[in-house]
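Below: the structure, in structure tokens.
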Amino acid sequence: MEKRNNTFYDIWGDNVNLRDLLISIVLSIALTLGGYLLAPGEQPWPLVLGLSGGLLAFIISSIIIKPKRKIITDTEEIE
Amino acid sequence: MDLTIILLMVLASIGGSVLYTIIGIAPGTDETAVLAPITLALILLNVSPYVVLAFFISAIVAKKLTDSIPVAIAGIPGGVMAAPMVEHAMVLKEHGMPDVSIRKMASGSVIGTIVSIPLSLLVASLIMPYASSISKHAGLIFFLGAVFLAFLSANKLLSLLMIVPFALLIQGLRHLYWDIGIVPEGTTVFVSFFLGITIGPIVYKLFELMNKDYREREKIIGEKEISFKNQKSIKGFPNPFTILTKKEVATSALGSSLGTLTFFLTPVGMTIFLGEFLTRHIKDPVQRASRAISTMDGLTNASYISGTLIPLIAIGLPLSPMAIGPASALFNAPPVFTPEHNIHHIMSMGEIVVATLIGATVALILTFYVTIKFSNEICAFVFKWVPHEALIGLFAGLVVMLAFMDAGWANIFGVMLVALVAGFLHRHGVNYGVMFMILYAAPWLIGLI
């Protein structure tokens, strides 16, 4: 990650980085909608594949994006 | 109902509890966005209605038990419903008592569940004889609900003024979709508009952030610091009645009863109103906060359960904000369920009660235990590994997909429009509840003009 990524914005109570957020949103929309559209056959398959796509996007995002939280236990810090 | 189906119901309840314990803790997860699509998928997959209902009840009980944990630990609401509790939980956190907060909230939740199930059955049997006249006047009831909640909003004038324009926006889009033929006439686009309102504040903020000057003003340097206090562990199985004081048990039970009786009003609005109202007289800030969070948690749980059960048992039409939002799939999930053929028609009152008890008991035992014992560990895991971006992304993906499912490509932009307006109104002090009530009342209201 590049250095200037230390700038965040508060969206709904937590800090986010706009570039990471964009990646996550695009990925999630692509996989949910992609799963929904490309699913073979009738309902429930589009919905099932769409939800699976969303889950997959969520897992990928969680792996490639680091949470912007600094957890402090009592007085000592753990990263 | 035979043994196999009961076993399946228990298994589904365990699955629901585990899944929604995790989802509940994740910050910012909206109840409708996480409950409705998965329930809908189960129904469309032709899972037995008994199993679906047990799953759904365990899911809401588990989600309501856990969504207050991040509030207590970090002041981040785990869901829309937990937002009213932030202020009070922060008081306890500042006094170094987040662990007390968690136990009080979870215990309040348990009281809410225990109070609301029998009371919901009672209310359902009382209104059953009037079911048909109630459903005839649903539009008027929702409209009066919107007016009532407008008076409880931070910005009363704007809330009242926006009732008709917001209804016009909703009905305008629906009629447009019918006119250009993307939705067959009479099919009401609902779930995606509902989600549009819930993600309104996020969408509005994202649009604001597209402006460079705004970005300069709003930027935050450095990561969000979350202070964690390791809690003492409780030996043995935790007992909610010893965790709460007698007064707290009494107020949460009272709050839960009122929450059950007002099942037709929006749960967030009632939680804010009753939660504040019942604890306003207490002077000591710690005692007040502790009473408020146990009451509010009990109340949200109760209004969720009653909002699902009462319409399901008595009417068969989704006549509560809960039923029309997170639980909507139980009433309408074409082609499997329709308003004329859904769980209300398939299952008897006794069967609904059995499914509810199985779901609630499994969730209470599993989730309450886990919440009290391991809240720190689970929270640390979620905060450390689940980025906020991934959650917002998941949300965006679900909303876009459901918008497309409701009414095709055009509706993705329609929902964006609804979200922008809702986000603007929310920012300027219009209660979510007002907007939800308008959404329900819109067809009736515009029909009058």
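The values are calculated or read from the model by the stated rules, or taken from the named source; none is laboratory data. Quick caveat, the model's predicted, so the values are computed rather than measured. Glycine gets a Cβ as well: all are built from the backbone with ideal geometry, and neighbour counts include every protein chain shown. Just the protein is used for accessible areas: all its heavy atoms, side chains included, with ligands, DNA and RNA removed. Shrake-Rupley method; radii C 1.70, N 1.55, O 1.52, S 1.80 Å.
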Can you find a residue that is open to solvent by less than 20 Å² (accessible area, probe 1.4 Å), modelled with pLDDT under 85 and in a helix (DSSP H, G or I) anywhere in the range B:9-28? yes
Which one of the conditions (1) at pLDDT 95 or above; (2) within 11 Å of chain A (Cβ to nearest Cβ) does residue B:398 fail to meet, given that it meets all the rest? (1)
Helices (runs of 4 or more DSSP H) (entirely within the range B:238-323) containing at least 2 residues that are under 18 Å from residue B:63 (Cα atoms): B:246-261, B:267-279, B:285-310
Being more than 7 Å from chain B (Cβ to nearest Cβ), open to solvent by 20 Å² or more (accessible area, probe 1.4 Å) and within 12 Å of the chain's Cα centre (by Cα) is the requirement here; does residue A:29 meet it? no
When you check residue B:147 against the structure, is it in a helix (DSSP H, G or I), surrounded by fewer than 24 Cβ atoms within 10 Å (Cβ to Cβ) and among the aliphatic types (A, V, I, L, M), yes or no? yes
Among residues of the range B:284-302 being β-branched (Val, Ile, Thr) and in contact with a His (Cβ under 8 Å, 6 or more places away or on another chain), the residue least open to solvent (accessible area, probe 1.4 Å) is B:293
Within the range B:190-227, track down each residue that is over 15 Å from residue B:415 (Cα atoms), open to solvent by less than 20 Å² (accessible area, probe 1.4 Å) and among the β-branched types (Val, Ile, Thr). B:226
Within the range B:42-68, how many residues are modelled with pLDDT under 90 and open to solvent by 10 Å² or more (accessible area, probe 1.4 Å)? 4
Report, by residue number, each residue of the range B:340-395 that is open to solvent by less than 20 Å² (accessible area, probe 1.4 Å), out of contact with any Leu (no Cβ under 7 Å at 6 or more places or on another chain) and of a type in the set (Ser, Thr, Tyr). B:375
Please pick out the residue among B:71, B:61, B:147 that is of a type in the set (Val, Ile, Thr) and within 14 Å of chain A (Cβ to nearest Cβ). B:71
From the options A:3, A:70, residue that is within 15 Å of residue B:388 (Cα to Cα), open to solvent by 30 Å² or more (accessible area, probe 1.4 Å), at pLDDT below 80 and more than 18 Å from the chain's Cα centre (by Cα): A:70
Could we say that residue B:305 is surrounded by 24 or more Cβ atoms within 10 Å (Cβ to Cβ) and not small (Gly, Ala, Ser) here? yes
Going through (1) more than 30 Å from residue B:214 (Cα to Cα); (2) open to solvent by less than 60 Å² (accessible area, probe 1.4 Å); (3) touching a helix residue (DSSP H, G or I) at 6+ places or on another chain (Cβ under 9 Å); (4) modelled with pLDDT of 80 or more one by one, residue A:18 fails only at (1)
Among residues of the range A:44-54 being of a type outside the set (Ser, Thr, Tyr) and more than 8 Å from chain B (Cβ to nearest Cβ), the residue surrounded by the fewest Cβ atoms within 10 Å (Cβ to Cβ) is A:45
